[in-house]
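First comes the structure, then the notes that go with it.
The values are calculated or read from the model by the stated rules, or taken from the named source; none is laboratory data. Because the structure is predicted, anything quoted here is derived from the model rather than measured. Positions of Cβ are backbone-derived with ideal geometry, glycine not excepted, and every protein chain shown enters the neighbour counts. Each accessible area value is taken on the protein alone, full model and side chains, heavy atoms only, with ligands, DNA and RNA left out. Shrake-Rupley method; radii C 1.70, N 1.55, O 1.52, S 1.80 Å.
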Amino acid sequence: MALLVSLEQSSHAADVFTLANVAVDETATDAAAARKIALAVGQRQGLARLVKRLVPLIDQSRFPPLMDEDITGLVHSFEIEREKVAPNRYIASVNFRFKPRAISALLRAHHISYAESAGDPVLVLPVLTAGGNTELWGEFNPWLAAWAALPPSDGLREVIVPIGDLTDILAFDVVASSSASEFPDPQAIASRYGAGETIVVGATLADATSQSVSAVEVSIGGPDKSRRTIYRGTVGGTVETLLAAAAEATRNQLEEDWKSTNLLRFDCVGTLDVDITYDGFSDWLNIRRRLDDLVLVRDVVIDQISPRFARVTLHYLGDRIRLEEALAKYSLRLDRGAGVWLLRSANQVDPEASDTLSNPAAVATPW
């Protein structure tokens, strides 16, 4: 078992290989033995959550069974946030960070497709149609309440449910919008929540009474119902129970859609010559760590290096657009310069035009 270490506080997007709040509760002959068992159980639970996050549902059963020592080799570090220790019991909440390249190698070795790019948050607008009435906001929309009650998800893309206050109502109101031509623009509310996309998720109740409902039809994408799924209630089931199950299943589908769209293409490998600019040795190391964590980047070959610049060749999976998007998630910016691509930290100012790597003082030094 690895020594207790603190997870590095990263300035880039949330690390998709970190699993937070893994709850453990184990007993043994003494507290030390209970702690050892708890951490072994916790890292196994964390790995299971990671596989569910990265791998499409259809391929998750193909993940190989592993021994505890094998899982330990996949763990980069862990952080214990809360713990309670008794003479023969150990309770804690643990964050586990797994090694991106080790996880990638394991999945590739077993021919398991996966995604590792976290998407911008998506804002869902749960619109309910029942008894001829369409509603989004207010206490009489159990569909909105079902989404708001969902527990946090481990998905690659955060799903946000709006508050529904006066600001939201003024930005987006569908009560009076009975046709697609009158439907308001969903993006009008996205900026308030920092969402990259807004999705209207409609629910139409069938044969509903005050206590039960036979089925609910869920549409993803607005009033045109481009995608529809019917969820049927159970005998004696309540409206709230059915809508809760439909909301969870719909969120899972949104997560599966993201994974399917962003699966890594191992059969498509590209190369790109770039100049990396940085503000000193520590900044250079920081950029290298981020590139090393980015599974999409398979290799970084250093051709030349100087105190403020490095000329490298990136070998990456997929196309350049996907590379730019992945770099941005790690707060790295790729720009087209004068005949060369430039890579720098997103918060770094542009280097002086006269100070370029073409300076003969730059030396070809292996890192």
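Taking all protein chains as present, what is the carbon and sulfur share of the accessible area of segment 78-119, in % to the nearest whole number, probe 1.4 Å?
Numbers: 980 of 1900 Å².
Result for segment 78-119: 52 percent of the exposed heavy-atom area is carbon or sulfur.
Can you compute the charge dipole magnitude of segment 50-128 about its Cα centre, using +1 on each Lys and Arg Cβ and -1 on each Asp and Glu Cβ, nothing else charged? Give it in debye, rounded to the nearest 20.
For this selection, approximately 40 debye.
With only Lys, Arg, Asp and Glu charged, each at its Cβ (+1 for the first two, -1 for the last two), find how big the charge dipole of segment 280-355 is about the Cα centre; round to the nearest 20 debye. It would help to have the intermediate numbers written out before the result.
Numbers: 12 positive and 12 negative charges, 31 e Å.
The dipole of segment 280-355 has a size of about 160 debye.
Rounded to a whole number, what % of the accessible area of segment 281-331 do carbon and sulfur atoms account for, probe 1.4 Å?
Within segment 281-331, the accessible surface is 50 percent carbon and sulfur.
Accessible area per residue for segment 250-345 in Å², computed with a 1.4 Å probe and the full protein assembly in place, what is it?
That works out to 43 Å² per residue.
Check which residues have an amide H placed less than 5 Å from G155's amide H, if you skip close sequence neighbours.
Counting only residues 5 or more places away or on other chains, the set is empty.
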